[in-house]
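Below is one structure, written out as structure tokens; the observations come after it.
The values are calculated or read from the model by the stated rules, or taken from the named source; none is laboratory data. Only a predicted model underlies this, so the values are computations on that prediction, with no experimental measurement involved. Reconstructed Cβ throughout: ideal geometry from the backbone, glycine too, with neighbour counts over all protein chains shown. Accessible surface is based on the protein model in full, side chains and every heavy atom, while ligands, DNA and RNA are left aside. Shrake-Rupley method; radii C 1.70, N 1.55, O 1.52, S 1.80 Å.
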Amino acid sequence: MTTLLLCLLLTLAQAAAPGVRPLPAPLSVARWWDPPPTPYAAGHRGVDLSAPVGAELRAVAAGRVYYAGPVAGRGVLSIALPNGLRTTYEPVRPLVQEGEQVTAGQVVAVLTEGSHCPAPCLHWGLLAGESYLNPLTLLPHPTPRLLPSSPAPSSPADP
């Protein structure tokens with residue numbers, strides 16, 4: 001049942017893919033999403049994206065600011081999306097306030113110093129209720145393109 005629910009939530013996240021990156025491309029993943037086997041077990045409930053301190057962070061979709069403030073000494077920003085999902089960013093200095101409407105692509109925070117990565121990074125999370133999802137599912141998937149095959153090399157002219 002849990003697997004079915006998780007698959008449904010991932011499908012919902014992909015169907016609602018707004019396609020706005022929180023940081024400029026190309027994204028560099030310092031640590032991948034690694035969900036815990038049980039709700040209280042060790043794991044990584046988001047992805048860490050390498051970025052310099054001071055980087056501007058963008059809302060990945062339109063929504064309402066759910067929380068903007070400190071948690072355990074780090075700045076956190078959480079945005080509730082219309083599809084019932086909530087995305088989180090930390091460590092940040094929020095530029096928006098709780099209850100404020102934001103648009104997709106709007107600069108909503110600035111990356112600050114943090115201690116959870118060896119180098120500066122954004123910890124980006126995604127929740128559906130109390131379940132953590134892979135936030136990378138919010139990004140657009142590249143569209144494959146078929147390219148024409150190169151023509152066969154021409155043979156030298158017969159004498």
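Brief remarks follow.
- Within the stretch 44-76, considering residues that are assigned to a loop (DSSP other than H, G, I, E, B) and open to solvent by 30 Å² or more (accessible area, probe 1.4 Å), the one nearest to ASN134 (Cα to Cα): ARG45
- Per-region count, the stretch 49-76, residues over 15 Å from the mean Cα position of the chain (by Cα), basic (Lys, Arg) and at pLDDT 95 or above: 1
- Qualifying residues in the stretch 112-132 (those that are without any contact (Cβ under 8 Å) to a residue 60 or more places away in the chain and within 18 Å of GLY63 (Cβ to Cβ)) - the one farthest from the chain's Cα centre (by Cα): GLY129
- Matching residues in the stretch 25-43 - criterion: being open to solvent by 40 Å² or more (accessible area, probe 1.4 Å), part of a loop (DSSP other than H, G, I, E, B) and in contact with a strand residue (DSSP E or B) (Cβ under 8 Å, 6 or more places away or on another chain): LEU27, SER28, TRP32, TRP33, PRO35
- Residues that are over 10 Å from VAL60 (Cα atoms), at pLDDT 95 or above and not in a strand (DSSP E or B) within the stretch 77-111 comprise PRO91, LEU95, VAL96, GLN97, GLU98, GLY99, GLU100, listed in sequence order.
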